[in-house]
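First up is the structure itself, then whatever we jot down about it.
Just so you know, all these numbers are worked out from the coordinates, no wet-lab data involved. Being a predicted model, the structure only gives us computed values, none of them experimental. Here the Cβ positions follow ideal geometry from the backbone for every residue, glycine too, while neighbour counts run over all protein chains shown.
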Amino acid sequence: MGNKRRGQVSGFMILGVVILAIIILLFFLRDQLGIVLPGPLGGKSADLGEHIRQCIQETAPELIERMGRQGGFLSTPDGTFRLHHDIPVSYLCYNIEGQETCRNRMLTLDAMQTELGDALDKELTTCIDYGAFRKRGYDLTVGQRDVVVAIGRDATQITVIQPLRLTKGETVINIDEVSESFFYPLGRLYEVSQDIVDSEATLGAFDQLPYMLAHKGQYVIEKKKPYPDVLYIVQSKDHPLVFQFFVQGEPDSI
């Protein structure tokens with residue numbers, strides 16, 4: 001019995017030594033090849049591409065949601081919006097004095113994509129930490145960055161295009177672009193907003209009930225009338241994203 005127990009203890013000791021050796025080897029490899037193996041780096045992955053992707057994930061959703069809340073714009077200059085619950089909600093159709101119809105502001109997807117890309121580029125500047133990789137002994141070459149946004153009907157794709165070359169010893173990693181998709185129906189809500197604006201600009205009115213019925217309840221459209229304007233709040237029934245905007249009205253003459 002004693003020999004058997006000693007054999008069991010010896011077996012556990014050998015197993016423990018093997019496990020310890022594997023752990024030490026993994027830590028060694030992470031230090032030497034951190035650009036390949038995942039590991040902690042100030043709370044971020046040691047893989048450069050994954051680090052950039054995490055920054056996109058951290059910054060893009062808030063900007064997409066804000067663009068919806070503000071009527072397709074992130075920047076709202078004076079005279080182009082009205083506050084609603086402290087949110088600068090954009091006018092998408094301006095009042096034409098003495099007429100029932102309004103002047104379409106002509107918001108385009110291209111403009112939304114450009115503004116969203118520019119805002120993301122600024123946010124990524126503060127999020128991406130290239131210095132952390134250099135501190136770990138990597139030689140990092142960073143090229144010019146371009147953020148490309150593609151707003152689809154049900155998803156928005158963000159692509160960060162930037163030549164990156166990361167080297168350490170004989171190991172070389174080249175990264176040209178990193179992409180991430182966010183499943184927000186921003187494109188569909190934009191389409192609904194343009195249907196509403198087109199009706200207001202040509203007919204001077206929009207009836208949301210027939211529109212919702214024609215689209216089989218796919219959208220919920222609220223129509224509010226904070227004098228003298230009309231506020232439209234559009235939402236898809238399968239997603240919480242909100243797209244809201246104002247149609248500018250004409251105050252009654254005194």
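Per-structure values
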{"item": "Cut-off 13 Å between beta-carbons: net charge of the residues surrounding THR101, Lys and Arg +1, Asp and Glu -1", "result": "-4"}
{"item": "Under 11 Å, Cβ to Cβ, from LEU166 - net charge with Lys/Arg +1 and Asp/Glu -1", "result": "+2"}
{"item": "Length gained when the stretch ASP118-LYS135 is fully extended (0.36 nm per residue, less Cα-Cα span)", "result": "3.3 nm"}
{"item": "Cut-off 15 Å, label 7 Å out along Cα→Cβ of THR125, residues of segment 145-183 by amide N", "result": "145-147"}
{"item": "Theoretical gain in end-to-end length, GLU100 to ASP86 [0.36 nm per residue, Cα-Cα removed]", "result": "2.2 nm"}
{"item": "Estimated inter-spin distance, GLU170 and ALA150, nm [label 7 Å along Cα→Cβ]", "result": "3.9 nm"}
{"item": "Eligible aspartates and glutamates near LYS168 by straight Cα distance, threshold 15 Å, same-chain separation 8 or greater", "result": "ASP31, ASP47, ASP139"}
{"item": "Burial order of peptide ranges 83-92, 241-250, 68-77 (average beta-carbon count within 10 Å, highest first)", "result": "241-250, 68-77, 83-92"}
{"item": "Charge tally in the Cβ shell below 14 Å around PHE246, where Lys, Arg are +1 and Asp, Glu are -1, PHE246 excluded", "result": "+3"}
{"item": "Segment 94-183: C-alpha pair distances exceeding 18 Å, %", "result": "60 percent"}
